Amino acid sequence: MKNGFIIPVILVVFGGLAAVFFAFGNSNSVVNGDSVYDDNVATTTPQIQAQNFKEETKPVISHVKTPDIMRAVYSTMWSASSKQKRAYLEDLLDKTDLNSIVIDVKGSGGEMIFDNFSDISSFINELHQKGVYVIARIVVFQDSGLAKTNPEFSLKKQDGSVWRDRKGFAWSDPASLGAWDHVVGVAKKSIDAGFDEINYDYIRFPTDGNLQSIVYPAWDGVEDKSDVIKRFVAYSKEKLKAYSLETKLSLDIFGYTFLNVSGLGIGQKLTDVLDNFDYIYPMVYPSHYSAGNFGFTNPADHPYEVVSQTLQKGLDSLGERKEEAKGKIRPWIQVFDLGAKYTPAMIEAQIKATYDVLGETNTGWLMWSPSNNYDEAFSIKL
């Protein structure tokens, strides 16, 4: 399926506002534009270097078919590896109409679930026996761990030290083939563990921090950023579909990316990624939009209108591909308090907006709660 930053381009969206939706946070979590992210996970680093992923014969895995109507919740790797929290999530899956779960596999600090939960395959198997579809979320280019194990793939400063964003995270160069292979290696390991779908987040260039000081070891500064991202997603698709044709691929993108065809200066263009992913998950959290968007002083107070208008305008931008795209779009919806107190009615309003725009078949949604607490959400009828 997430403190803030300003995209260095002028958005001519809804009154020409240039401030974007990721400038909020609190003491427990950070809205980083792609997700609401637990600060605690940034302190660990991976133990596996990129070149250590080897081509091996993968085990036979029994997968769950992708639901026609996806109803998913998000879990951090820490929740998935906690017996108590895992039991809570399993009980939720048993007692509600949920049929899918997104689990963090690789975080922004480079931490991986395989280092903390050695029995992840058994857990996935338990979920499969209940008919639950399991998605592996992989943070792609924001990667402090890879900056330690393979600094040659990472963005630098003029003095040769590792460049970091406003939150202190390092980034891989989006044009680095070594960084690409590292991500593909993590994805293959996830497939081997039994995940049904690979979900990529942070497929973009950095947006905050001292961007002018960045030295790119691979990107030449001439190739359009969107072309760099387009090459990566095509490369990744080729490698992963050859490895496991049945495994689905999905991408998290900004709500603004869904609305704006320019790429926003970060390389995310909806039209470029549509063909390389089975599903696109726009993060349409109403709290992430600027004052004035959609004509609202506080968009967070208007979940139905924000979600429905984002989805409708995004689809309209695709022209004749609109109907084709409908079956690929499944939005992340807000299940956390930011900008407003998110009541069950406000959560339900986002679900209704999703169905009203995309239809009630061959679609769905994913719920994002940084605490992985969904009690408020499930006092509603799905």
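Numbers for the structure displayed
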item: Test result for THR207, within 29 Å of LYS148 (Cβ to Cβ) and β-branched (Val, Ile, Thr); result: yes
item: GLU323, sole failed condition from (1) surrounded by 18 or more Cβ atoms within 10 Å (Cβ to Cβ); (2) outside any strand (DSSP E or B); result: (1)
item: Helices (runs of 4 or more DSSP H) completely within region 94-212 that count 3 or more residues being surrounded by fewer than 24 Cβ atoms within 10 Å (Cβ to Cβ) and touching a strand residue (DSSP E or B) at 6+ places or on another chain (Cβ under 6 Å); result: none
item: Leading residue by the ranking (surrounded by the most Cβ atoms within 10 Å (Cβ to Cβ)) among those in region 63-93 that are aromatic (Phe, Trp, Tyr) and under 28 Å from TYR355 (Cβ atoms); result: TYR74
item: Scan of region 284-299 for residues that are aliphatic (A, V, I, L, M) and either crowded, with 22+ Cβ neighbours inside 10 Å or under 30 Å from ARG231 (Cβ atoms) (or both), ordered by number; result: VAL284
item: Residue check for ASP227: out of contact with any His (no Cβ under 8 Å at 6 or more places or on another chain) and either within 26 Å of ALA136 (Cβ to Cβ) or in a loop (DSSP other than H, G, I, E, B) (or both); result: no
item: Odd one out for ASP220 among (1) over 13 Å from PRO174 (Cβ atoms); (2) part of a loop (DSSP other than H, G, I, E, B); result: (1)
item: Every residue from region 274-298 that is under 17 Å from ASP201 (Cβ atoms) and touching a Ser or Thr at 6+ places or on another chain (Cβ under 9 Å); result: ASN276, PHE277, ASP278, TYR279, ILE280, TYR281, PRO282, MET283, VAL284
item: Residue, surrounded by the fewest Cβ atoms within 10 Å (Cβ to Cβ), within region 258-283, restricted to residues that are β-branched (Val, Ile, Thr), farther than 16 Å from LEU358 by Cα and modelled with pLDDT of 80 or more; result: THR271
item: Options GLU305, GLU246: the member that is part of a helix (DSSP H, G or I), among the acidic types (Asp, Glu), over 30 Å from GLU223 (Cα atoms) and over 18 Å from the mean Cα position of the chain (by Cα); result: GLU305
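Results for (1) over 20 Å from ALA345 (Cβ atoms); (2) of a type in the set (A, V, I, L, M), shown as yes or no for each residue.
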| site | (1), (2) |
| --- | --- |
| LEU270 | yes, yes |
| VAL273 | yes, yes |
| PHE277 | yes, no |
| VAL284 | no, yes |
| PHE294 | no, no |
| GLU305 | no, no |
| SER308 | no, no |
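The values are calculated or read from the model by the stated rules, or taken from the named source; none is laboratory data. Everything numeric in this text was worked out from a predicted model, so none of it was measured. Because the Cβ atoms are built from the backbone with ideal geometry, glycine has one as well, and the counts that use them run over all protein chains shown.
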